[in-house]
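One structure is given here, and the rest of the page talks about it.
What follows draws every value from the coordinates through simple rules; no lab data is involved. As the structure is a prediction and not an experimental result, all values here were calculated from the model. Cβ atoms come from the backbone with ideal geometry, glycine included; neighbour counts cover every protein chain shown.
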Amino acid sequence: MAMNGLSKMAATALLLVLAIVPAALAVTYTVGDASLWDSGVDYTSWVKGKTFRVGDTLEFKYGSTHSVNEVDKAGYDNCGGTPIDTHSGGDTTIDLEKVGTQYFICPTPGHCAGGMKLAVTVVAASSGTPAAPTPPSTTPGTPSTPGSPPAAGTPGTPASGSTSPPPPKASGASKGVMSYVLVGVSMVFGYGLWM
């Protein structure tokens, strides 16, 4: 009889873990990182190397002289137009809910024209842990073989005798998923031992 209760509790704990894992895959990006949403920040450079997925969140943190308008492509290009949505208050979170490019500007006169605008391309949600970036090919159209260095003299590759850079570190999202899985498994086994 005790085993039946344990089985039910283990199943409940497993369902809890499975419910938490998708939320752990979502990433919250603080726009501009330490520079926040402010004048003088290059947001075109800030988005490079980031993959924004459906389910992720953008967090805009800004001072009282700024705000955030979501606009269409024309509004982004011309720093104006009718906003899709407006936000103020210093801390705005925007959930990325659809695939495509979303555009944001600061509507304070002169700020958008000075570069305070952001275009974020959103891709479909990941079905698992985020994949590592694909390594560049050694020759256009020819994928590199893992473990073999690119030919010396290929544009963008180190000269003979140089070492290649270290592999990229795991993303925060994959570390978060592993933490949640470990907590869930610990809960299942811990409860089993406690009973």
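Between amide H atoms placed 1.01 Å from N, distances below 5 Å from Lys117 occur with Tyr43, all of them 5 or more places distant or on a separate chain. Applied to the range 40-52, the Karplus parametrisation 6.51 cos²θ - 1.76 cosθ + 1.60 on θ = phi - 60° returns per-residue 3J(HN,Hα) values of x, 9, 8, 6, 5, 6, 4, 6, 4, x, 9, 10, 9 Hz, with x for Gly and Pro.
Full extension of the chain between Val123 and Lys61 yields a length gain of 20.0 nm, computed as 0.36 nm times the residue separation minus the alpha carbon distance. Placing unit charges on the Cβ atoms only, positive for Lys and Arg and negative for Asp and Glu, gives the range 19-124 a dipole magnitude near 220 debye about its Cα centre.
Give me Rg/Rg_expected for the range 27-126, where Rg uses Cα atoms only and Rg_expected = 2.2 N^0.38 Å with N residues.
Numbers: Rg = 12.4 Å, N = 100, 2.2 N^0.38 = 12.7 Å.
For the range 27-126, the normalised Cα radius of gyration is 0.98.
Given 0.36 nm per residue, what is the gain on full extension from Asp33 to Asp95 after removing their alpha carbon distance, in nm? Working shown, then result.
Details: separation 62, 0.36 × 62 = 22.32 nm, distance 1.71 nm.
Computed gain between Asp33 and Asp95 is 20.6 nm.
In terms of surrounding Cβ atoms within a 10 Å radius of their Cβ, Val31, Val120, Val47 rank from fewest to most as Val47, Val120, Val31.
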